[in-house]
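Asks: Before anything else, here's the structure in question.
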Amino acid sequence: GNSVTQMEGPVTLSEEAFLTINCTYTATGYPSLFWYVQYPGEGLQLLLKATKADDKGSNKGFEATYRKETTSFHLEKGSVQVSDSAVYFCALRSNYQLIWGAGTKLIIKP
Amino acid sequence: EPEVTQTPSHQVTQMGQEVILRCVPISNHLYFYWYRQILGQKVEFLVSFYNNEISEKSEIFDDQFSVERPDGSNFTLKIRSTKLEDSAMYFCASSDFRGLGETQYFGPGTRLLVL
């Protein structure tokens, strides 16, 4: 069946460090891929998405490229801020539902 | 910016009681969803709903669960007889179309605690 695997957290970085959160997926066909973010005490917010191979989603300095050959959708940011501290979820769309990774907690220290 | 809203934000109930979680999707959206997240676990799909019918449901969504769109704005999830294991954060989501490029927009969640 379809599934999403994310790197385990927490990931702790210093401000202005480079961020990578790995996400790989297993799916039939070519599903749309998403990154959602959950800030402390809040709901799930769409961060970025990609709908086909080689698409790059980007938002708020974050980027992720849909890699069909490696079935990956890694999240990257060149210089993180304290305000980026949150839980990040990778997800794929399968039929009518989203299938989620376990989430990666990101902690940014000043 | 339009957003999905959910009420209540927190609900505490006794095992065996019925609960209704309420959601107001984004006004021009036609597709509605419920997900849940048990503490420390993955977000799990429960059900999708379109045109007053369930489109898809997961194994979790058994006879104890039901969904309804009672009027033009609300979308509800009912749990008839709550169990301890129903304690979770419940998220409502909506989208304006279904297909390539579809995005589901989520509400802030209702934290349900069953005692």
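The values are calculated or read from the model by the stated rules, or taken from the named source; none is laboratory data. Please read these numbers as outputs of a predicted model, since none were measured by experiment. Positions of Cβ are generated from backbone atoms using ideal geometry, with glycine treated the same way; all protein chains shown enter the neighbour counts.
Asks: Considering each of B:Ser55, B:Ser66, B:Ser87 in turn, give the residue that is within 27 Å of A:Val4 (Cα to Cα), of a type in the set (Ser, Thr, Tyr) and without any contact (Cβ under 8 Å) to a residue 40 or more places away in the chain.
Replies: Working: B:Ser66 fails: within 27 Å of A:Val4 (Cα to Cα); B:Ser87 fails: without any contact (Cβ under 8 Å) to a residue 40 or more places away in the chain.
Going through B:Ser55, B:Ser66, B:Ser87 in turn, just one is within 27 Å of A:Val4 (Cα to Cα), of a type in the set (Ser, Thr, Tyr) and without any contact (Cβ under 8 Å) to a residue 40 or more places away in the chain: B:Ser55.
Asks: Assuming B:Thr82 fulfils every condition listed in (1) more than 14 Å from chain A (Cβ to nearest Cβ); (2) touching a Gly at 6+ places or on another chain (Cβ under 9 Å); (3) farther than 13 Å from B:Leu21 by Cβ apart from one, which condition is it?
Replies: Every listed condition holds for B:Thr82 apart from (3).
Asks: Still on this structure, I have one more. Going through segment B:38-72 one residue at a time, which ones are away from chain A (no Cβ under 14 Å) and over 15 Å from B:Leu21 (Cβ atoms)? So that I can check it myself, show each step before the final result.
Replies: Restricting attention to segment B:38-72, the residues satisfying the condition of being away from chain A (no Cβ under 14 Å) are B:52, B:62-66, B:68-72.
B:Asn52, B:Asp62, B:Asp63, B:Asp71, B:Gly72 - these are the residues of segment B:38-72 that are away from chain A (no Cβ under 14 Å) and over 15 Å from B:Leu21 (Cβ atoms).
Asks: Quick check: is even one residue across segment A:36-54 among the polar types (S, T, N, Q), under 26 Å from B:Val47 (Cα atoms) and over 12 Å from the mean Cα position of the chain (by Cα)?
Replies: For segment A:36-54, residues among the polar types (S, T, N, Q), under 26 Å from B:Val47 (Cα atoms) and over 12 Å from the mean Cα position of the chain (by Cα): present.
Asks: Every residue in segment A:54-79 that is surrounded by 14 or more Cβ atoms within 10 Å (Cβ to Cβ) and basic (Lys, Arg), please.
Replies: A:Arg67, A:Lys77
Asks: Considering only residues of segment B:28-39 that are farther than 15 Å from B:Ser95 by Cα and in a loop (DSSP other than H, G, I, E, B), which is farthest from the chain's Cα centre (by Cα)?
Replies: That would be B:Leu39.
Asks: Which one of the conditions (1) more than 28 Å from B:Cys92 (Cβ to Cβ); (2) within 12 Å of another protein chain (Cβ to nearest Cβ) does A:Phe34 fail to meet, given that it meets all the rest?
Replies: (1)
Asks: Every residue in segment A:59-79 that is within 14 Å of another protein chain (Cβ to nearest Cβ) and among the aromatic types (Phe, Trp, Tyr), please. Explain how you work it out, then say what you get.
Replies: Kept after step one, since they are within 14 Å of another protein chain (Cβ to nearest Cβ), are these residues of segment A:59-79: A:59, A:66.
A:Tyr66 - this is the single residue of segment A:59-79 that is within 14 Å of another protein chain (Cβ to nearest Cβ) and among the aromatic types (Phe, Trp, Tyr).
Asks: So, A:Thr51, is that one touching a Ser or Thr at 6+ places or on another chain (Cβ under 8 Å) and either of a type in the set (Ser, Thr, Tyr) or surrounded by 17 or more Cβ atoms within 10 Å (Cβ to Cβ) (or both) or not?
Replies: It is true that A:Thr51 is touching a Ser or Thr at 6+ places or on another chain (Cβ under 8 Å) and either of a type in the set (Ser, Thr, Tyr) or surrounded by 17 or more Cβ atoms within 10 Å (Cβ to Cβ) (or both).
Asks: Sort out for me the strands (runs of 3 or more DSSP E) sitting completely within segment A:1-72 that have 3 or more residues that are touching a residue at least 24 places away in the same chain (Cβ under 8 Å) and farther than 20 Å from A:Trp100 by Cβ.
Replies: Details: elements: A:3-6, A:11-14, A:19-21, A:23-26, A:33-38, A:45-50, A:56-59, A:62-65.
The qualifying strands (runs of 3 or more DSSP E) are A:11-14.
Asks: How many residues does segment B:12-40 hold that are within 15 Å of A:Leu98 (Cα to Cα) and surrounded by fewer than 16 Cβ atoms within 10 Å (Cβ to Cβ)? Before the answer, list the steps.
Replies: Step one: of segment B:12-40, the residues within 15 Å of A:Leu98 (Cα to Cα) are B:31-37.
With the extra rule that they be surrounded by fewer than 16 Cβ atoms within 10 Å (Cβ to Cβ), the set shrinks to none.
Qualifying residue count for the region: 0.
Asks: Still on this structure, please answer the following. Pick out the one residue from B:Leu21, B:Leu77, B:Leu100, B:Leu112 that is modelled with pLDDT under 95 and of a type in the set (A, V, I, L, M, F, W, C).
Replies: B:Leu100
Asks: Scanning segment A:80-109 for residues that are facing chain B (nearest Cβ under 7 Å) and surrounded by fewer than 21 Cβ atoms within 10 Å (Cβ to Cβ), which turns out modelled with the lowest pLDDT?
Replies: This residue is A:Tyr96.
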